[in-house]
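Just below is one structure, and these are the notes that go with it.
The values are calculated or read from the model by the stated rules, or taken from the named source; none is laboratory data. Here the structure is a predicted model, which is why all the values come from computation and not from measurement. As a convention, Cβ positions derive from the backbone with ideal geometry for all residues, glycine included, and neighbour counts pool all protein chains shown.
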């Protein structure tokens with residue numbers, strides 16, 4: 001809210017703004033957070049809820065960067081014009097150019113459309129030459145050859161048959177929980193132990209591989225289907241595919257080889273560092289037929305730790321407890337607590353594992369959920385007294401809050417997949433916690449944005465009475 005309010009007071013930043021006048025999500029992600037606000041260096045601006053000093057500091061930093069932001073918007077407009085004249089269609093302009101435009105604005109100021117057109121063209125060619133032939137069009141052409149399709153389809157069949165099978169050894173789940181406990185506690189300064197020995201032991205004993213193998217066993221709980229990683233009751237070999245759309249990608253384990261490579265290309269700013277297209281495709285086939293659809297063992301351990309963390313997420317229960325504690329409407333809050341408890345019990349029954357053991361990591365994540373007012377808002381507006389979701393813009397969000405591990409694990413897998421393609425494993429517990437915690441923050445920010453969008457339009461759901469409104 002603070003960021004939106006400050007942004008609307010700036011003029012000349014329309015190219016970086018959404019249709020309602022606020023900053024685009026990519027503006028926040030690519031420009032404001034890393035280049036203007038810098039939350040790591042300015043922790044008062046880092047939280048989802050700001051103190052008065054934090055709000056003042058954020059506004060100060062935004063106003064101090066106003067000239068650069070206006071120049072950034074002007075550079076983005078000019079570069080899009082030059083892009084069209086050069087008939088460049090590859091990639092999302094915001095992803096590719098936002099940070100380069102900020103750099104140009106910082107070093108060169110506001111552009112002159114005539115004088116600086118050549119500089120914009122140079123920047124464009126510089127950016128797109130980094131692709132080095134690793135483009136989505138090259139991928140499409142490579143997978144369009146009939147003979148190659150037959151060859152690669154046979155390769156998928158062979159890779160799927162050669163998967164490691166059998167009953168994986170059972171690891172001690174307390175070891176994974178111990179790693180989560182130590183990682184979070186160390187970051188909070190509550191222990192000097194960093195969990196390196198525990199993490200190394202999990203990698204050495206292939207706990208991640210065994211966890212991934214269990215997802216192939218439809219009789220083992222929790223299944224990949226229940227975790228939200230596939231729509232299929234049992235995992236199947238990947239299809240080769242021939243097209244992809246960012247707006248309609250399959251779930252992680254349902255994605256085609258084309259979709260998997262497509263997302264890698266779309267997310268890479270310097271594609272020349274990636275392997276050539278043929279190598280990307282063949283390696284992706286091997287990866288997709290491996291446990292967790294990952295090749296690096298440390299990343300498989302990260303995925304397994306992610307399950308242990310995700311299954312202990314309790315946003316609805318936490319929100320219900322918070323509303324009950326405010327005590328403004330005893331009957332309504334008691335009803336909310338009953339619904340929340342029933343849903344949490346259902347969560348345990350579906351997943352098939354008890355999550356009574358709450359580590360510091362769980363308390364940190366759940367505490368952050370609890371501080372998010374939108375959780376209670378979505379729950380109150382989109383869940384009827386019988387606990388069933390109503391129709392309306394908040395229904396899908398409320399459903400995700402009843403199974404929070406699903407969006408979390410989907411997003412975690414995407415992050416791990418990107419690291420696996422670049423052969424960038426996880427080597428230290430601090431890295432692991434930054435990854436797991438970062439995904440949780442990302443999911444919460446996404447939920448917050450979607451609730452805000454839903455509440456900004458007319459909703460058929462009845463508004464809460466004044467007492468409940470005060471309690472939230």
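Key figures for this structure:
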{"item": "Any hit, the stretch 407-414, residues being surrounded by fewer than 20 Cβ atoms within 10 Å (Cβ to Cβ), under 15 Å from residue 208 (Cβ atoms) and either in contact with a helix residue (DSSP H, G or I) (Cβ under 9 Å, 6 or more places away or on another chain) or in contact (Cβ under 8 Å) with a residue 24 or more places away in the chain (or both)", "result": "no"}
{"item": "Condition check for residue 118: in a helix (DSSP H, G or I), touching a residue at least 40 places away in the same chain (Cβ under 8 Å) and over 30 Å from residue 238 (Cβ atoms)", "result": "no"}
{"item": "Top-ranked residue in the stretch 212-238 [being touching a residue at least 60 places away in the same chain (Cβ under 8 Å) and within 14 Å of residue 156 (Cβ to Cβ); ranked as surrounded by the most Cβ atoms within 10 Å (Cβ to Cβ)]", "result": "238"}
{"item": "Residue check, residue 295 modelled with pLDDT of 95 or more and either in a loop (DSSP other than H, G, I, E, B) or within 15 Å of residue 135 (Cα to Cα) (or both)", "result": "yes"}
{"item": "Subset of the stretch 18-33 that is touching a residue at least 40 places away in the same chain (Cβ under 8 Å) and in contact with a helix residue (DSSP H, G or I) (Cβ under 8 Å, 6 or more places away or on another chain) - its residue that is surrounded by the most Cβ atoms within 10 Å (Cβ to Cβ)", "result": "31"}
{"item": "Selection count where residues are closer than 22 Å to residue 23 by Cβ, outside any helix (DSSP H, G or I) and either without any contact (Cβ under 8 Å) to a residue 60 or more places away in the chain or in contact with a strand residue (DSSP E or B) (Cβ under 6 Å, 6 or more places away or on another chain) (or both), scope the stretch 77-113", "result": "3"}
{"item": "Meets criteria (under 12 Å from residue 98 (Cβ atoms) and either surrounded by 15 or more Cβ atoms within 10 Å (Cβ to Cβ) or without any contact (Cβ under 8 Å) to a residue 24 or more places away in the chain (or both)) for residue 66", "result": "no"}
{"item": "Flag if residue 55 is modelled with pLDDT of 95 or more and in contact with a helix residue (DSSP H, G or I) (Cβ under 7 Å, 6 or more places away or on another chain)", "result": "no"}
